[in-house]
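Novice: Quick one: the structure is below, and I'll ask about it shortly.
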């Protein structure tokens, strides 16, 4: 069990731990150069069913791509919470 649930997350660097299931995991590539990874995306769920969209940027992607599997549960720490992009929101949550 994590320290906090998804609704308790505040924008900024986070030192809390959240326990989440990776519901979906996909890679997003530049539409003009289909080999350039822009970020990997995840939909994460906590124990109460709260959801949040998460992104992993290319500099960290190689480290995590073989570790993250859809359906598995993870304790996540040392992450940053930001306001979500109004133009692209795979889930209803004001944060990412």
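Taken together, the values in this text are just the output of simple stated rules run on the coordinates, not laboratory data. Keep in mind the model is a prediction, meaning the values are calculated, not measured.
Novice: How many percent of Cα pairs in the chain exceed 16 Å?
Specialist: Tail of the P(r) past 16 Å holds 56 percent of the pairs.
Novice: Between residue 66 and residue 82, what length comes free when the chain is fully extended (0.36 nm per residue of separation minus the Cα-Cα distance, one decimal in nm)?
Specialist: Stretched out fully, the residue 66 to residue 82 stretch lengthens by 3.3 nm.
Novice: Per DSSP H run of n ≥ 4, the term is -39500 (n - 2.57); total these for the chain, divide by its residue number, and report the mean residue ellipticity at 222 nm rounded to 500 deg cm²/dmol.
Specialist: -2000 deg cm²/dmol
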